[in-house]
1. For peptide A:60-72, how many partner chain Cβ atoms fall within 10 Å of a residue's Cβ, on average?
2. With an 8 Å Cα cut-off and a minimum separation of 6 or more residues, compute the relative contact order for region B:1-107 in percent.
3. Just tell me how shielded A:158-170 is by partners: mean number of partner chain Cβ atoms within 10 Å of each residue's Cβ, no decimals.
4. Rounded, prolate or oblate: which one fits region B:365-425, using the alpha carbon gyration tensor with axes a ≥ b ≥ c (rounded when a/c is under 1.5, else prolate when a/b beats b/c, else oblate)?
5. Among B:159-167, A:118-126, how do they line up by average Cβ neighbours within 10 Å per residue, starting with the highest?
6. Tell me whether region B:38-92 comes out rounded, prolate or oblate; compute the Cα gyration tensor, take square roots of the eigenvalues as a ≥ b ≥ c, and use a/c under 1.5 as the rounded threshold.
7. Using the per-residue mean of other Cβ atoms lying within 10 Å as a proxy for protection, in what order, highest first, do the peptides B:357-366, B:177-186 fall?
8. Averaged over peptide A:129-139, how many Cβ atoms belonging to another chain are found within 10 Å of each residue's Cβ?
């Protein structure tokens, strides 16, 4: 599938990107086999505006076990992704390569209706999905002046039930692992070591569909997605703390509205604030964008 | 009311088996196409035998071009004709490329031109693609609509089934054939009064008689289609039982009668010889039978107004002289369209037959669509005959002659034959939910009122793949969308379902897509469905996950994918 998220960002200290490819998440879990490229115009808060492209090259395989209760799928995945720009110095993002494996459990039992009944969702229970996996990750900026390797385990819990109560149950990503800096001019500049560090990363968000919350008419299609991400680095050389950040909380809220236009499937607006593990500056940003895809 | 007395509305999915692919490949080869096209068609269809898929136009186009480009014979062709070929085709010879639809169509156009196969009666690569495009529609009603689209609102067609029985693949064969019967019967209900189904009888199928009787008595079929060159003889006891039934129940037969078309082997090509019918008709002189294709158009082209002696055509004319219910049709006669003396002779002979009081109203107009598309479009065939024949002659061939053959009532409502009365009763038994306004003749014959529930091709609660897909979707549908109900949910894009929240890149999105793929597969299996072809848990979940990841996909398209991957108990009749 080709899907391109076109974003225009208005930011106090962020960037303006006209082409993003699944940029928000750290692509946990399975990967979508194939090659995807999304051209981008990049204007960082420092440095010159440049052309670039988001890319994702992935190969995955999976084995499924389909049963009425607790169906599951085992996956392995190799993937390279990131943002490459004509001026590497202007690239605010990074390049990633990972190998991952895990298993996805469906926490449900499905009981279909009888064919003589009117169509109905049937019975059983449904508590969502649990994905447990591990990955080896290499991450670097485009000039490879900052890079690391990490080994981490991750757990994702998510769900999609339409009942009201489920709107308030968060979607969760928990990740914990070891990372080791393999190159860092920043750390070199303060004489910090590249000993192993640990990173704990937790993200929770909610998908609030106004239709499920009881709204009717066109507004029912509006979705609000508030989210919080918290990370903690431990084992960091104290000398590195002057140029890096060891913990932080990032909050965001996005409103998304689907359209029936041919080339624009949704529009969205997002507000976010707070640091990220790879973006130590505390920043606030507004993003307004459209989602286009085939 | 005009009637195309020889048409096909089955889709290829309902005949596909490895044996059918070989027979179809031979047909393409006989159309004069180079080996790489034959190979591409066979590979593409073989893949669909193994893993049925619902391909849209773009996917089919891309796959067809890629299959052509990846054959060794195409690479050899490019290497041998490097200087003469357009650059697009030379580049294609380097290996399959990812191209857009417009570019792919351009490549096919250029390839058709380069191969120089535009003469009348021959097929181009583009013709093959267009044929596949129609034939691989997801459901039979859509194929029928394709043919009805250029006809008048009251015009109809005879829908001849095809039974390329695959004895080595009994499970698939049984499911396919039943799907074809069910789909053809449903098409008659969806387009009431415009589609006249003929059940295919193939005596290689052990229960052919029971299937025929069930279709004629309970499923709205009005006649029987025979295709002996697919590998069975007609002068056998089992077939004589069929003919006796047809006489007793006033059922017409359409009999494939040309050496061309589909055939199992060189030997079986002659199984359609009309001479074989002399003793059969002698014992059953009232049998209504149409010898399709007139035995081959060459019998009409040798002299103006005269049938060529010692041809199958001459043999049919002899039978028509002896038996008042024997007819012939002009389906797939395209060779004369190149003009010249052949055309002059053909048109003069057809007119002579049609206006001869002995044969009047027994020369039927038929096109052989969609199979005709191997050579030309259906409406072009119609236009040719409308333009070349005097209006009264064409009116007789497409109006009165098929009316009589089929047993339709006359304008005053009288004269309806028993087979057509059963058809009327069958449609009337579905009067609470027909797919379109019944034609005036049917409304008059059936009486009462009909409730029209505008049908959406590929979206029908009677199809269990659709029933269970919709039922599953209700598990992840917002309350606002559940109020749409089944009919309006066909076009509901998957991004409106609750698993989509946040879309690609959002936390857990991939997990929800994969999870829904697993749950949908489990839902169908729990409903008793089994995998089609070589599908298994892995490939089925992969297929569904790909669909769930595309928010533009509609619920109807998801249902078509479920239908391709799973076979439900309801597919047995």
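No lab work stands behind these numbers, since they all come straight from the coordinates. Note that the structure is predicted; figures quoted are calculated from it, not measured. Glycine also receives a Cβ, built like all others from the backbone with ideal geometry; neighbour counts cover every protein chain displayed.
1. Per residue, the number of nearby Cβ atoms from other chains is 6 on average.
2. Averaging sequence separation for qualifying contacts and normalising by length gives 24 percent for region B:1-107.
3. 4
4. Cα axes put region B:365-425 in the oblate bin.
5. Ranked from most to least packed, the peptides come out as B:159-167, A:118-126.
6. Judged from the Cα gyration tensor, region B:38-92 comes out oblate (a/c at least 1.5, b/c at or above a/b).
7. Answer by packing, highest mean first, reads B:177-186, B:357-366.
8. Averaged over the peptide's residues, the number is 2.
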